[in-house]
Amino acid sequence: MRSIFSLVIPVLFVVPNSWAALATDAGSALSFFRNKNSLFPSGQVSRNTLEENLLRTENEIAYRTSWDKKEYLLQGHEILRDIQVARYVENKVLTPLLSLNRSDSSPVKILAAKTQLEILVVEDFWARVKEKSGPTQGWIPLHILQARHDDLGVFSNIVETHLRKEPHLSSTALTTLPRLTRVIPLEITKSFIKVQHQGHIGYADITHFVSRADFANLAYHPKKHWMTVLYRNNNALISQKGETVPLNEVLGYVANTHRGIVVRSDSSFSPPIRARVEILKLEANTWGISKIDGHGEVWWKKKNLLFENEPKVKNTISTDDLMKREIYSIAFENKNSIRGLVSSEGVFRTEDGLTWTEIPLFEKQNLPVSIHPNGTWFVGSYKSTNQGKSFEPFIRWDNIAQAIESAYHRNPKILRLTQIEALPNQQVQILVDTGSHKVKLKSSIGDIRWDVIKN
């Protein structure tokens, strides 16, 4: 998914003169370390010397996070993000598929943007993937990847977990799943998931696992369509409307890319395991490993990995910001597309489910929205046949008033459109509040005549 992180905060060290013996020119001298975890430098030398003796590079990432109104710096291995429990993904841009999980390794293949990939192994910074349409495998940085909205992902355990013969805690343990084992559920029950691991098929405690459901802002249900999500409760999602939706009925997710779940706590001052933290900023470095006479292999900060904020488009908001609002109505094209509409103090359209651009025509109104399978978009009393790029009226209110008067033999006090629903055979249904009761009407798309539906 699209990153919105800012620059790395520089860390400064005071270096005693005795460590500067190798410095060749003070203006370009850099500190080097015995390893990347060393608190103090082992010496200084010019960047040119380090570059000329460069053996390899490695990337390291950490996250500036917020939890319980406090900020914490967590290392990459301490939190799990949505992309790390994804299964089917796409690369955002043209990128090389590498032979090893190192930026200086040789490319196996150059992947076109939006190539469909399956994640086989995931690390803090890297993922080993294979082409969904072929056998080619290789490594790619996680920040290059984005999860597909129709991907249910995998389950990953944050503590060692017994795989049991039967779905209860007193059952015989067949084997143990090491931490962060990626499994695909064969069955999901209230308290257990049924999985296959190393030739064993058994049941594991569902509370030990994180899945894409834990990161979901939106979830797709075949009957409820896209709905907003508050959190996962074992084998079910709790929607913003308070509905309980079983995970095995969900067909896809739009995830919160700013959420991390703590899977390891290296300090008593860190958030507890399972805490849901908000990712504020990524801090990342590329370390260079060079061989220096008298010191052997040394580590030095070669460069910051910059994940800049994308330029903000006027009247555009992210999905994460959208979830902080009250959503009046939302609609997507279909279960395989995340192009759609939302009404929330204005009407917004999206191409990717990540950013939403306001449609100025509707100002700050909350209006019902819907998308018909034939491609017609509806916002209030307007429709669009070009995916929301332009709109024209599709309701004549005098016809609506006449239809209601003919059906109930009284004039409506008001006419307020509250719902639009797509029907088969090129038809559309609306719900109109008349002030005294609500009336359903239906019509063929493009027809100005409406028929009242009486229950």
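Quick note: the coordinates plus some simple rules give every number you see, no bench work behind them. In this text the structure is predicted, and so the values were computed from the model without any measurement. Don't worry about glycine lacking a Cβ; one is built from the backbone with ideal geometry, like all the others, and counts go over all protein chains shown.
Observations, loosely collected:
- Listed values [x] 98, 60, 46; [y] 93, 44, 34; [z] 154, 63, 34 include one computed from this model; for Cα extents along the principal axes in Å that value carries the label [x].
- Taking the Cα centre of segment 316-393 as origin and assigning +1 to Lys and Arg Cβ atoms and -1 to Asp and Glu Cβ atoms, the resulting dipole is close to 180 debye.
- Estimated FRET transfer efficiency (SER171, HIS437; beta-carbon r; R0 56 Å; 0.05): 0.50
- Cross-link partners of LYS130 among lysines, defined as those whose alpha carbon lies under 27 angstrom from its own and excluding same-chain residues fewer than eight positions apart: LYS92, LYS109, LYS114, LYS194, LYS335.
- Förster radius 45 Å - calculated FRET efficiency between LYS324 and ASP293 (Cβ-Cβ, nearest 0.05): 0.20
- Here the dipole of segment 155-210 is about 40 debye; that uses its Cα centre as origin and unit charges on the Cβ of Lys and Arg (positive) and Asp and Glu (negative).
- Extended-chain gain in nm, criterion 0.36 nm per residue less alpha-carbon gap, ARG339 and VAL452: 37.6 nm
- Ordered by the number of other Cβ atoms lying within 10 Å of each residue's own Cβ, fewest first, VAL439, VAL93, VAL432 fall into the sequence VAL93, VAL439, VAL432.
- Extension gain, ARG396 back to ARG410 (0.36 nm per residue minus Cα-Cα distance, nm): 3.2 nm
- Our Cα-only numbers for segment 31-134 put the radius of gyration and Dmax at 17.7, 50 Å.
- Here's the picture: a label point sits 7 Å out from the Cα of ASN233 along the beta-carbon direction, and within segment 239-258 the residues with their amide nitrogen under 14 Å of it are 239-247.
- Sorting TRP300, TRP67 by the number of Cβ atoms found within 10 Å of their own Cβ, with the fewest placed first, yields TRP67, TRP300.
- Calculated FRET efficiency for the pair LEU280/LYS194, C-beta based, R₀ 51 Å, to 0.05: 0.85
- Here segment 397-453 has an Rg and Dmax of 10.8, 32 Å, counting Cα atoms alone.
- Potential lengthening between GLU249 and LYS69 on full extension [0.36 nm per residue; Cα-Cα distance subtracted]: 61.3 nm
- Ellipticity at 222 nm from helices only: DSSP H runs of n ≥ 4 in the chain, each -39500 (n - 2.57), divided by the residue count, give -1000 deg cm²/dmol.
- Note on LYS109 and GLN240: the model spin-label points, each 7 Å out from Cα along the C-beta direction, lie 4.0 nm apart.
- GLU351 paired with ASN366, simple spin-label distance in nm, labels 7 Å along Cα-to-beta-carbon: 3.0
- Charge dipole of the chain (Cα centre as origin; +1 on each Lys and Arg Cβ, -1 on each Asp and Glu Cβ, all else neutral): 800 debye, rounded to the nearest 20.
- Annotation: the residues VAL254, VAL452, VAL369, sorted from fewest to most other C-beta atoms within 10 Å of their own C-beta, follow the order VAL452, VAL369, VAL254.
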